[in-house]
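We did not get these values from a lab; they are worked out from the coordinates using the rules stated. Just so it is clear, the model here is predicted, and its values are computed rather than measured. Glycine gets a Cβ as well: all are built from the backbone with ideal geometry, and neighbour counts include every protein chain shown.
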Amino acid sequence: MIRMTPIVALDVADLGQVTVLLEQLSVEPRPTIKVGMELFYHFGPAIVKQIQQAGFSVFLDLKLHDIPNTVARTMKVIGELGVQLTTIHAAGGAAMLEAGQRGLISGARSAGIEPAKLLAVTQLTSIDEYVLHEQQHVNISLSESVQSYARLSEAAGLPGVICSAQEVELIRAVVAPSFLCITPGIRPVDAQQDDQKRIVTPTQARQLGSNGIVVGRPITQSLDPRKAYQQIATEFMEESK
Ligand SMILES: O=c1ccn([C@@H]2O[C@H](COP(=O)(O)O)[C@@H](O)[C@H]2O)c(=O)[nH]1
């Protein structure tokens, strides 16, 4: 099973902070850097290039959710950026997922590079059963909804999903072994939960079969981001814990 080095979410909007964090994270195993909406809306494709030039792979997490034509055209632009991973919302439906995948491949082809892996967000890790039932008025359980979105994403030709590590075993039961489960909602034992609802520790994520963890604040808001990253990476990557 593929296990990637941890992905660090750089949810900041200050170039000075980006520079300091990249310097702190220039260690082995080298993390992938996640550029989310905050950083991308501030600095655009230039920030992706800057992070790549500093020697990091980039996960561009823009969670597209729109009509298929718009998603395909936008994914074509993303496909030209040379990022490793990018995201779309599974709730947009099969036609939108297929359009996204097509757009991404056509962008990569026109740039002469490898296409990014497109991951579908199943249910955000900040959602719990209460929100699902009382606010989204969904009548199945959270894990059933995540499992069903994973099947939909695989059928649409996507290589993986974003979910909580709590749902990985359930997803594995219904998809091909190579299907990727990338899991945010990671909190070391003594970390604050913040707005995340479906959390696990890095050790639990490994034990549950996550292919890659996404960690933001426990690293970026730590007094020692390098040490926080290294501890999390050791917990997640170690074979014998
Ligand atoms: O379901 C999801 C999808 C994406 N995210 C993103 O991951 C990071 C998590 O940051 P923390 O500071 O570790 O909570 C963040 O960028 C989210 O946009 C997610 O949390 N859950």
Among His133, His89, what is the fewest-to-most ranking by other Cβ atoms within 10 Å? His133, His89
Would you please report the Å³ per residue occupied by the convex hull of the alpha carbon atoms in the stretch 57-154? 91
Calculate, in nm to one decimal, what Leu15 and Arg217 gain on full extension: separation in residues at 0.36 nm each, minus their alpha carbon distance. 71.0 nm
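Tell me which trypsin sites (Lys or Arg not before Pro) from the stretch 75-141 have a DSSP coil assignment and no more than 10 other beta carbons within 10 Å of their own.
Nothing satisfies the criteria.
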What percent does the relative contact order of the stretch 136-239 come to when contacts are Cα pairs within less than 8 Å and at least six residues apart? 22
Working from the alpha-carbon coordinates of the stretch 119-211, get Rg over Rh, Rh being the Kirkwood radius. 0.97
If you take the Cα Rg of the stretch 7-237 and divide it by 2.2 N^0.38 Å, with N the number of residues, what do you get? 0.98
Taking N as the residue count of the stretch 1-75, its alpha carbon Rg divided by 2.2 N^0.38 Å gives 1.20
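Find how much the distance from Val77 to Arg109 grows on full extension, using 0.36 nm per residue of separation minus their present alpha carbon separation; answer in nm with one decimal.
Gain on extension, Val77 to Arg109, equals 10.4 nm.
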